[in-house]
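The values are calculated or read from the model by the stated rules, or taken from the named source; none is laboratory data. All values derive from a computational prediction rather than experimental measurement. Neighbour counts run over all protein chains shown; Cβ positions are idealised from the backbone, glycine included.
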Amino acid sequence: MVPLFFLIVALASGLGFSDLPSVRLVGSDSRCKGRVELWKNGQWGTVCDDHWNKETVAIVCKELQCGPVVRIRAGRLYLPKAQKDQHIWNPMCQGTEETLAECEEDVVECDDHNEDAGVICEETLHFDNLQLVDGPSHCIGRLEVKYAGKWGTVCFEGWTFQGAKVLCRELGCGRPILTKGSCSKDQQGTGDIWPGQVECQGSETSLNNCPFALMGKNNCSHKDDTWVQCEERFALRLVDGINHCSGRLEVLHKGIWGSVCNDGWGEKEDQVVCQEVNCGKAIPQKPRARRRFGPGKGSIWLDDVRCKGKETSLEQCKHRFWGYHDCTHQEDVSVICSEK
C-alpha cells in the first residue's frame, strides 16, 4: 500500500500515482538518511548492497531531493529492523538513471536483511510556502519561508541572484531588480532564521527544486535577513468612474498605483486599455471630457504614450521612462469603455 504521506503530497501537488516517489529512507528522524526501501511491483522492499556504490547512492539522494551523498551505511544499523518476510530488491545501476526503480534488477538474490543498504545524504529543506513581506507589494519585501508549520526569515549568507530569479518567477512577478542583506530596522523580521546555501541555476520553477543545504553554526541575525525586489507584473485599472469600465486610468509600478498623463493620448490608446480590462470598445471623448473623473494623487507614472492600436497590453505601447513627465494631475487621462 502506498503510504498516506506520499499520497497526500502527490494530491496536493496535482500529481498522479505515476509521479509518486518510488524510494524512501526509513529508520531515522530525517528523510535524507536511513535504510533504503524501494517501491516496485506493488510493494515496498529493502535494497541489497551487492551493487551499492556512490553512483547508485547519488541517484537515491537526487530522487529524494536531498543534497549530495555524505556517507554510505549498512541498512541494518537503522531501527526498526526490516521484517523477515519483506522483499529484498537487488538493483544494478549504470549511474545515468533518474530513479532507483529504473535500474536493472540482478537475477541473483540477497541472502537476508543483513545486506540491506543504507545512506546518509546531505540534509536539505523543503519549504511549505514562501512570501515577500513588509514591502509595498507581494513582489517586494523580506523573504520568509514556511517550514514545519513555522514561518522564518532566510539568512542572506549563501543567497544568490540566481535564487532571486527563481523566487520572483515562483511569485508570479517579473525579473529581480535587487536582492540584499543587512536590512534596515523596519525591514527586519522576527523568530527563526533559516541558514543555508541555495544553489539555484536560475531556470527552476520553484525554490524547492534548488538544492538548499543546511549550514552549521552561523552568525546570522535579523540584520542579515534577505530582501528581494522583483519587477511588478504590469497592471492597470480604471478608478472613480461609474463602474470598472470607466474612470481615471492608473497603472502599477514598483508596487504603487499612479496616473497617466493625457499628452498625445487618443482613440488608439483608449482601445488598447478597454481591451486589456475586458470592457469592449472605447467610447470617443473630447479632450476636456478626459478630465471628468477628477485628478489623481501621488505618482504620475506614464507620459507621451503612443499605441498602434493592435497591442494586447498598454505595456507594449511606447512611452517615456517610468516616472518621467512634464504634467500635473490636472492632465490625468480617463477612459470610458462600452462594457461589452
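If only one of Gly141, Gly149, Gly118, Gly163 is crowded, with 19+ Cβ neighbours inside 10 Å and at positive phi, which one is it? It would help to see each step written out before you state the result.
Values: Gly149 fails: crowded, with 19+ Cβ neighbours inside 10 Å; Gly118 fails: at positive phi; Gly163 fails: at positive phi.
Matching residue, one of Gly141, Gly149, Gly118, Gly163: Gly141.
Within the stretch 324-340, the set of residues being farther than 15 Å from Leu238 by Cβ, assigned to a loop (DSSP other than H, G, I, E, B) and at pLDDT 90 or above comprises Tyr324, His325, Asp326, Cys327, Thr328. Using the structure shown, decide if Asp85 is of a type in the set (Asp, Glu) and crowded, with 17+ Cβ neighbours inside 10 Å. Answer is no for this residue. For the residues Val251, Val228, Val273, the requirement of being assigned to a strand (DSSP E or B), over 19 Å from Glu144 (Cβ atoms) and of a type in the set (A, V, I, L, M) singles out Val251.
Of all residues in the stretch 73-100, those being within 32 Å of the chain's Cα centre (by Cα) and either farther than 14 Å from Asn53 by Cβ or not polar (S, T, N, Q) (or both) number 5.
One residue alone among Asn278, Asn262 is surrounded by fewer than 17 Cβ atoms within 10 Å (Cβ to Cβ) and not charged (D, E, K, R), and that residue is Asn278.
Of all residues in the stretch 305-318, those being modelled with pLDDT of 90 or more, surrounded by fewer than 17 Cβ atoms within 10 Å (Cβ to Cβ) and of a type in the set (Asp, Glu) number 0. Residues in the stretch 56-72 that are more than 30 Å from the chain's Cα centre (by Cα) and among the charged types (D, E, K, R): Arg71 only.
Just give me the residues in the stretch 134-162 being within 15 Å of the chain's Cα centre (by Cα) and either closer than 20 Å to Ser221 by Cβ or assigned to a strand (DSSP E or B) (or both), in sequence order. Explain how you work it out, then say what you get.
Filtering the stretch 134-162 down to residues within 15 Å of the chain's Cα centre (by Cα) leaves 138-147, 154, 159-162.
Scanning the stretch 134-162 gives Ile140, Gly141, Arg142, Leu143, Glu144, Val145, Lys146, Tyr147, Val154, Trp159.
Taking (1) touching a helix residue (DSSP H, G or I) at 6+ places or on another chain (Cβ under 9 Å); (2) more than 10 Å from Ala117 (Cβ to Cβ); (3) assigned to a helix (DSSP H, G or I) in turn, Trp39 satisfies each apart from (3). Leu167 meets the stated requirement of being outside any strand (DSSP E or B), in contact (Cβ under 8 Å) with a residue 40 or more places away in the chain and outside the structural domain of Lys40 (by TED's automatic domain parsing).
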